[in-house]
Amino acid sequence: MKRWIRAVMMAAILCWTPATASSAEPAAGQPLPDFALAVPKDAGLRDYLGLSGGATFRIGDIKAEAVVIEIFSMYCPYCQKEAPVVNELYRKIEGGPLKGRIKLVGIGVGNSPFEVETFRKKYAIPFPLFPDGDFTIHKLVGEVRTPFFIVLKTRQTGAPKVIHAKLGAFESVDGFLEFVAKSAEIK
Amino acid sequence: MGRTARRIALVAGLAVLLWAGTAAAASEAYRDNVYDPGKLKPVDSALKVKVGQRAPDFTLKALSGGTVTLGGFRGKKNVVLSFVPAAWTPVCSDQWPGYNIVKDLFDAHDAILLGITVDNIPTLFSWTNQMGKLWFPVLSDFYPHGAVAKRYGILRSDGTSERALFVIDKKGVIRYIDVHDINERPPLEALAAELEKLR
């Protein structure tokens, strides 16, 4: 009997190790887990992000005061429904005083480059999208459901800091934008 | 010690099985309504059809009412059959919403998509309602249970079907079969490449 209990305990210890390898869901006040993305081939998208070149970059390299990351999947119905709303957020930023200060990127979890491109074309998405085909980034951000929005304050020392994390659609584009600007202390 | 070690291995193995299966990104559309069966045996059936052969004909009840007969498309449309294992499971709940935004890809290749599961119509109704309006027919292979899946050799031992794609040309001949690892979603580019070959 004792042996049996010991077996269960040892198994539990053995099993915990892989579980902790997957990070927790992003939360306000925490640093963003470190990951690299491929520098876009498209010059317009490179300019948007303020990247000069190289093969990869990190979120902290983006020229902006705040970055909004959308974790999405081409296969997710709510992401499909939300796509025009996120496009509107992009247009509101680009057409107003916050242009250049808040930037958007999308990460397609479990999506191949072809699938991300399909999503981009379908909804005419103007901001950069990146594939995360093998769920590497998805695991780093706690395997969140989609769409999931992570708002980061950048351009500071250390890793970009999460100032807001949210599952699902935002109710109003204006409200969300105002909230981002305020939380990132953009005046 | 040998017995203890075996027990450790058994419990650890079970725990690993329980963890897996969360690899697919879950859409918020289903909230907590998707049942996670854990990691399943990748393939659990033996195919009974092959490429180059005439696709066995069938007639199934459609979610939109009436029936759909495969042979009805002969001479008119290429047909893609997408069997998914069951409603309300992780990967399946994603696969068809993806196909739902690529109608133009199917149109460009003069192809129709038929989505098939072994679930009954009321279950398919509730489940597909979460996906938005689907442009393609959804068919129920419920009764006699999984008869079409069985005819094609993709009915698993637990009564669900494989996650399988069949591309059938206008002559009714099977041109491509992908009995995919049930735990993973077939990449869209593979299907796109097969449709391209029909030109």
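The values are calculated or read from the model by the stated rules, or taken from the named source; none is laboratory data. From a predicted model like this one, the values you see are computed outputs, not experimental measurements. All Cβ positions, glycine included, derive from the backbone under ideal geometry; neighbour counts span all protein chains shown.
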### Query
If you check B:Ala87 against the conditions, is it at pLDDT below 95 and more than 14 Å from chain A (Cβ to nearest Cβ)?
yes
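Just to confirm my filter: which helices (runs of 4 or more DSSP H) fall fully inside region A:1-103 and include at least 3 residues that are within 14 Å of another protein chain (Cβ to nearest Cβ), more than 26 Å from A:Glu115 (Cα to Cα) and at pLDDT below 95?
Details: elements: A:2-21, A:43-49, A:77-94.
Correct list: A:2-21.
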### Task
Keeping to region A:104-116, report how many residues are assigned to a loop (DSSP other than H, G, I, E, B) and surrounded by fewer than 23 Cβ atoms within 10 Å (Cβ to Cβ).
1
### Message
So, B:Ile112, is that one more than 14 Å from chain A (Cβ to nearest Cβ), β-branched (Val, Ile, Thr), closer than 19 Å to B:Thr160 by Cβ and in a strand (DSSP E or B) or not?
### Response
no
### Which listed residue is farther than 20 Å from B:Phe142 by Cα, at pLDDT 95 or above and either under 16 Å from the mean Cα position of the chain (by Cα) or basic (Lys, Arg) (or both), from B:Lys50, B:Lys61
B:Lys50
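Keeping to region B:45-73, report how many residues are part of a loop (DSSP other than H, G, I, E, B), over 24 Å from B:Lys133 (Cα atoms) and not charged (D, E, K, R).
Result for region B:45-73: 10.
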### Task
Tell me which residues, restricted to region A:107-144, are among the basic types (Lys, Arg) and more than 8 Å from chain B (Cβ to nearest Cβ).
A:Arg120, A:Lys121, A:Lys139
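If I ask for residues that are buried (at least 20 other Cβ atoms within 10 Å of the Cβ) and part of a helix (DSSP H, G or I), which ones from region A:117-126 would you list? Walk me through it before giving the result.
As a first pass, look at region A:117-126 and keep what is buried (at least 20 other Cβ atoms within 10 Å of the Cβ): A:118-119, A:125.
Scanning region A:117-126 gives A:Thr118, A:Phe119.
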### Query
Can we say B:Lys133 is over 13 Å from B:Ala87 (Cβ atoms) and within 14 Å of another protein chain (Cβ to nearest Cβ)?
yes
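Restricting the search to region A:135-165, which residues are at pLDDT 90 or above and among the charged types (D, E, K, R)?
A:Lys139, A:Glu143, A:Arg145, A:Lys153, A:Lys161
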### Query
Going by the conditions given, is B:Leu134 buried (at least 18 other Cβ atoms within 10 Å of the Cβ), part of a loop (DSSP other than H, G, I, E, B), at negative phi and under 17 Å from the mean Cα position of the chain (by Cα)?
yes
### Message
Would you confirm whether or not region B:84-95 contains a residue that is outside any helix (DSSP H, G or I), of a type in the set (Val, Ile, Thr), within 26 Å of B:Val43 (Cα to Cα) and touching a helix residue (DSSP H, G or I) at 6+ places or on another chain (Cβ under 7 Å)?
### Response
yes
## Note on the structure
The one condition B:Glu196 fails out of (1) within 14 Å of chain A (Cβ to nearest Cβ); (2) in contact with an Asp or Glu (Cβ under 7 Å, 6 or more places away or on another chain); (3) part of a helix (DSSP H, G or I) is (2)
### Task
Taking B:Phe125 as meeting all but one of (1) within 14 Å of chain A (Cβ to nearest Cβ); (2) under 19 Å from A:Cys76 (Cα atoms); (3) not in a loop (DSSP other than H, G, I, E, B), write down the number of the exception.
(1)
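Step by step: first the residues of region A:145-157, then only those that are away from chain B (no Cβ under 13 Å) and β-branched (Val, Ile, Thr), then the one that is farthest from A:Leu177 (Cα to Cα). Which residue is that? Break it down stepwise before answering.
Kept after step one, since they are away from chain B (no Cβ under 13 Å), are these residues of region A:145-157: A:150-157.
Subset that is β-branched (Val, Ile, Thr): A:150-151, A:154, A:157.
On the way: A:Ile150: 13, A:Val151: 11, A:Thr154: 16, A:Thr157: 24 Å.
Only one residue fits best here, namely A:Thr157.
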#### Entry: Filtered residues of region B:64-91 (kept if over 17 Å from the mean Cα position of the chain (by Cα) and not hydrophobic (A, V, I, L, M, F, W, C))
B:Ser64, B:Gly65, B:Gly66, B:Thr67, B:Thr69, B:Gly71, B:Gly72, B:Arg74, B:Gly75, B:Lys76, B:Lys77, B:Asn78
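Among the listed residues B:Tyr152, B:Tyr143, identify the single one that is away from chain A (no Cβ under 14 Å) and over 14 Å from B:Val84 (Cα atoms).
Working: B:Tyr152 fails: over 14 Å from B:Val84 (Cα atoms).
Unique residue meeting the criteria: B:Tyr143.
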